Each structure stands twice: as C-alpha cells, then as structure tokens.
Amino acid sequence: QTGGITALTQRLDHFFSRYLGTIKVNQSDILDVFNGIHFLPLDKNTYLRIQCFVNLLEATFSQVKYTAFLYNDQLVWSGLEQDDMRILYRYLTASLFPSCLEQEFQATSSSSHYGKFIVGPVNMKDETSLGRVPRVHLSEEGNTQQCHLVVYKALSATVCLFLDGDMQLNFEYFKKLDNFLGQQM
C-alpha cells in the first residue's frame, strides 16, 4: 500500500528467487505436495515432559505468546494454528535448518550447555550480536498478530518462540532465555 507496484515487485522477486531454489520436486512425497508436517511419535511420558517444559517456559517468560517444539526436524508440539504451523514448518525444514547445518552446536568453555540461538543472538558473549530477529504475522481468531520469531536449538531439539511483537528485544532478555533453555533442554 505504501511502496507501490515497484516495491511489491522487488519484495516478491527477493522472496521467490530464494524460495524456488529450495523446492526439490524430484525428492517430494505426498506430505510435501500437501504441505504436510512430519510428527514425531512419542510415548505419553515423554510427551508430557515436553508439555511440562513448554508450560514452564511460557509461565517463566510471559512475553512468549506461542511455542513450537521439534526434534530431529519432526514436530512434537505446537501452540500455533494449523495453517500457521504448516507454513512455519516448511520454512524451518526447507530453508532455516539446512542453512545452519554446517554450524556445530558445541559448548564453549564458559557455557554449561549445548544450546544456541539459530535465530537470535549469534554470540552470547557479545551484546552487539543481537542480530536481526524477524517478525511474523500469525492468525488468531480471524485476526493477525505480529510476533518476533526466535529459534533455539540444543543438539537435536529445536524450540521456536513467538514473542510479543510490541516487546523491545534486548540482550539481557536473550541471556535469560539462553540460561533457561540451555539447562532445560
């Protein structure tokens, strides 16, 4: 509305030139055709432990509006609407996770865990490494809500956090998140 046709064309070109390269038609199956989500089957005790972790996370950090938990790129739990989760799952598995595969998730000498932000600060020792945290628009009862997307990975487990879009992100908040998530995961 504000940038006109030229701005729209540039944004679409920017998106589709990258997105189309991630589609691998020759490796697609029926789940890919229908934007399916791969769910991880779990026994009830393990599922309840993950649910308790998510509840504790959301209770400890009130700015977390929604959470999604994945293990080995398979969805375990999500608080998002199904359509939003489908889009997010596709983005994570086709674009974000492959782009960070080459990075090793090793603990540094001062860290007591193996976790690390893959969307968020790249270095927890450097306050200037906050990086760019994208905003996403999620469905909520017929309306859209803007949230910050933060993704944290510890070994094979990944947590996607959707923080209140009105919140001002700061390094101290990410340090608290890192301490909590790294120990719990």
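The values are calculated or read from the model by the stated rules, or taken from the named source; none is laboratory data. Here the structure is a predicted model, which is why all the values come from computation and not from measurement. All Cβ positions, glycine included, derive from the backbone under ideal geometry; neighbour counts span all protein chains shown. For accessibility, only protein heavy atoms count, side chains too; no ligands or nucleic acids. Shrake-Rupley method; radii C 1.70, N 1.55, O 1.52, S 1.80 Å.
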Result of the Cβ filter at 9 Å on segment 146-170, keeping first residues that are closer than 14 Å to E58 by Cβ and open to solvent by less than 30 Å² (accessible area, probe 1.4 Å) and partners that are assigned to a strand (DSSP E or B) and among the acidic types (D, E), at least 6 apart or interchain, is C147/D164
Do we find that T108 is among the β-branched types (V, I, T), more than 12 Å from the chain's Cα centre (by Cα), at pLDDT below 80 and open to solvent by 40 Å² or more (accessible area, probe 1.4 Å) in this structure?
-> yes
Looking only at segment 39-75, count how many residues are surrounded by 13 or more Cβ atoms within 10 Å (Cβ to Cβ) and assigned to a loop (DSSP other than H, G, I, E, B).
-> 5
Taking H137, is it surrounded by 14 or more Cβ atoms within 10 Å (Cβ to Cβ) and without any contact (Cβ under 8 Å) to a residue 24 or more places away in the chain?
-> no
Per the filter on segment 121-169, residues in contact with a Cys (Cβ under 6 Å, 6 or more places away or on another chain) and part of a loop (DSSP other than H, G, I, E, B) are G165
Does at least one position in segment 84-105 carry a residue that is over 23 Å from H137 (Cα atoms), assigned to a helix (DSSP H, G or I), at pLDDT below 85 and in contact with a Gly (Cβ under 9 Å, 6 or more places away or on another chain)?
-> no
